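Here, each number is a calculation from the coordinates, and none is a lab measurement. Keep in mind that what you see is a predicted model, and the values were worked out from it rather than measured. Methodologically, a virtual Cβ is constructed for each residue, glycine included, from the backbone with ideal geometry; neighbour enumeration extends over all protein chains shown.
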Amino acid sequence: MKQSPTPQQFSCFSAFYPYYLNEHKNRTCRWLHFIGTFLVIMLSLLTVYWSEPKILLFVPVVGYGFAWIGHFIFEKNRPATFKAPFYSLLADFRLFADMLMGKYH
């Protein structure tokens, strides 16, 4: 039986992103990622607008909270964040952009 590659085996983001998408097949999981990423962007903008750095404390709670609910309840897998945190963060924003452009729903 062939094992799927682990994120550590990817040499670049363009090789990682298809793996990431495969880990996000469930539509509800993708939408929870979208909502979490949107809220992270909004909180970041509010931090700058209000000059209130304490708002940033909520960024990981909101971002990971929505994503992890999507994985543990709907996708039934472990988030790639545990295996490849940097690529996973980039992929969250790429998925957000792709969904904005209508590529995924």
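Points to keep in mind about this one:
- Acute angle (nearest 10 degrees) that the helix 13-22 long axis makes with the longest principal axis of the chain, alpha-carbon atoms: 80 degrees
- 0 to 90° range, to nearest 10: angle between helix 27-50 axis and the chain longest Cα axis: 30 degrees
- 9 Å beta-carbon shell around His105, net charge (K/R +1, D/E -1): +3
- Crossing angle, helix 85-100 versus the chain [Cα axis fit, 0-90 degrees, rounded to tens]: 80 degrees
- Signed unit charges on C-beta, dipole axis of the chain, positive-most listed residue Trp68, Ala97, Tyr19: Tyr19
- Whole-number D in µm²/s for the chain (Stokes-Einstein; Kirkwood sum over Cα pairs; 20 °C, 1.002 mPa s): 149 µm²/s
- Within the chain, the longest run free of exposed loop sites, counting trypsin sites (Lys or Arg not before Pro) that sit outside DSSP helix and strand states (H, G, I, E, B) and have at most 11 other Cβ atoms within 10 Å, spans 26-75.
- Charge tally around Asn77: other residues with Cβ under 10 Å, Lys/Arg +1 each, Asp/Glu -1 each, net +1.
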